[in-house]
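The numbers here are math on the coordinates, done by the rules we state, and not lab data. It should be emphasised that the depicted structure is a prediction, and the values quoted were computed from it without experimental measurement. FYI the Cβ positions are ideal-geometry reconstructions off the backbone, even for glycines, and counts take in every protein chain you see.
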Amino acid sequence: MRWVEGCRRDGYAVLKGAIPPAAMQALTAELDGALRRSYGESTGDQHHEQAVLTLGPDTPLLAQALEQPFLHAPAQRLYGDDVLGIAAYGTSHTGDTGWHADSPREHPQGVKFSIYVGPTRADSGALRVWPGSHRSPEHERARAFVQAGVPDADVPCVVLPSDPGDVVVFDLRLFHAALGGGGDRRVINAFYYRDPTTPEQERLVREQIVEDYQWLTDKNRGGRVFDPWWLANAGQNAVRARWIDRFDALGFFDGDAERSGRLDAAATPLPEDVAKRLEGAALGWSLVDGSVKTELLRARFASPEGDVLLLVRPTEDPHPAYARRGSLAVAYSTLDCRPLTGARLRVLDALVEAVAGAEDAIVAAIR
Ligand SMILES: O=C(O)CCC(=O)C(=O)O
């Protein structure tokens with residue numbers, strides 16, 4: 001069976017030797033440099049990943065990778081010629097990455113390409129996946145299983161060992177993990193979305209992209225996802241030019257005042273009274289920072305259970321990932337890859353309840 005059919009059915013594929021050794025060496029050197037510039041010589045803590053966006057002039061090869069045939073062509077085979085290249089970033093993982101899916105949603109449909117720059121095996125951080133969990137009802141079955149607190153190593157899976165130059169392809173809805181990885185497991189990542197075709201799909205893509213970019217900029221310590229250099233597209237790459245036009249049409253840049261020119265859409269820091277109410281409600285957590293704009297409050301909290309980014313919208317938002325609390329819809333995104341099960345899940349859910357206690361102040365802020 002061709003890999004494309006396998007990937008559609010099972011949610012994953014490994015493209016062996018897709019990147020020639022010389023290109024791999026150059027990409028790896030860029031990744032190493034970017035991680036060093038951002039984090040110094042230290043590797044991540046246990047359970048905490050380092051991440052750098054790679055769409056800027058400091059990493060020109062990685063920035064172009066999204067539109068180069070070695071990644072773009074497989075993405076086109078999966079989702080058609082108009083597939084959208086959404087982001088490129090590098091990571092260094094330390095320790096195990098627990099079971100999770102990168103997206104719980106059916107839209108946008110998307111795929112991630114992960115290129116491990118060192119060899120990985122079952123006992124050294126190879127990606128492992130739950131085949132078929134990118135589709136319902138297997139997705140829900142896998143979710144219930146991993147959230148029931150089964151040890152990570154006992155979750156039924158297929159292990160995907162890889163060598164430098166291999167591209168591990170997996171659907172954003174597929175449950176995956178990496179165990180036994182030790183320190184500093186470096187990965188070049190790219191992800192793509194199927195171009196939405198209906199107004200409803202466009203809306204879902206727009207919503208998701210706001211969260212993706214927020215997540216990426218948070219991981220990247222505040223850097224911009226689309227570096228002005230990438231947007232300037234000095235080399236006039238036709239694929240990139242089409243993506244930028246499409247991103248504009250879809251409203252991806254709405255949260256970016258500078259890019260979109262829509263300054264009224266920009267977020268402002270949390271008003272002091274809202275920050276106080278949140279801090280008072282979420283005892284045991286410290287509010288790191290936050291912002292508000294129309295229909296969206298973001299607040300980042302720190303606790304011994306890790307950092308978490310909370311997104312609060314009005315309750316009319318039908319997004320399935322949001323919990324409804326009174327007139328609010330609340331979602332959170334953890335900022336590390338520790339498993340979201342058992343006690344940790346309960347503590348994070350309790351944070352949602354606590355924050356919902358400041359409902360009136362939040363509603364006033366995002367109105
Ligand atoms: O290598 C790893 O730690 C897994 C990475 C992962 O889960 C991801 O990229 O979503």
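Relative contact order of the stretch 3-257, please, whole-number percent, based on alpha carbon pairs below 8 angstrom and at least 6 residues apart. Here the relative contact order equals 28 percent.
Pairs of lysine residues in the chain that meet both criteria, 8 or more places apart or on different chains and Cα atoms under 22 Å apart, total 4.
Using only DSSP helix segments of four residues or longer, with each worth -39500 (n - 2.57), what per-residue ellipticity at 222 nm results for the chain after dividing by its residue count and rounding to 500?
Numbers: 12 runs with 130 residues, N = 367.
The helix-only estimate for the chain comes to -10500 deg cm²/dmol at 222 nm.
Projecting the Cα atoms of Val14, Val312, Tyr192 onto the charge dipole of the chain (Cβ charges, centred on the Cα centre) puts Val14 farthest toward the positive pole.
Which length gain, in nm to one decimal place, applies between Ile366 and Glu106 when the Cα-Cα distance is subtracted from 0.36 nm times their residue separation?
Details: separation 260, 0.36 × 260 = 93.60 nm, distance 2.74 nm.
Extending this stretch completely gives an extra 90.9 nm.
Based on Cα contacts under 8 Å between residues 6+ apart, the stretch 129-175 shows a relative contact order of 60 percent.
Which of rounded, prolate, oblate describes the stretch 1-160, given a ≥ b ≥ c as roots of the alpha-carbon gyration tensor eigenvalues and a/c under 1.5 marking rounded, otherwise prolate only if a/b is larger than b/c? Before the final figure, lay out each step's value.
Numbers: a/c = 1.81, a/b = 1.21, b/c = 1.50.
Since a/c reaches 1.5 but b/c is at least a/b, the shape of the stretch 1-160 is classed as oblate.
Taking Cα centre as origin and charging only the Cβ of basic (Lys, Arg, +1) and acidic (Asp, Glu, -1) residues, the dipole magnitude of the chain rounds to 480 debye.
At a Förster radius of 30 Å, what calculated FRET efficiency corresponds to the Cβ-Cβ distance of Ala350 and Asp273, to the nearest 0.05? Efficiency for this residue pair is about 0.85. For the peptides 60-72, 91-103, residues were scored by their other Cβ atoms within 10 Å and the scores averaged per peptide; the highest-first order is 91-103, 60-72.
Farthest towards the positive end of the charge dipole of the stretch 3-257, among the residues Ile209, Leu172, Leu35, is the Cα of Leu172, using unit charges on the Cβ of Lys, Arg, Asp and Glu.
How large is the dipole of the stretch 1-103 about the Cα centre if only Lys and Arg carry +1 and Asp and Glu carry -1, each at its Cβ, rounded to the nearest 20 debye? Mind dumping the intermediate values first?
On the way: 7 positive and 13 negative charges, 72 e Å.
Dipole size: approximately 340 debye.
Projecting the Cα atoms of Gly326, Gln147, Leu160 onto the dipole axis of the chain, where Lys and Arg carry +1 and Asp and Glu carry -1 at the beta carbon, places Leu160 farthest toward the positive end. Placing pseudo-labels 7 Å out from each Cα toward the beta carbon at Ser303 and Asp248 gives an inter-label distance of 4.4 nm.
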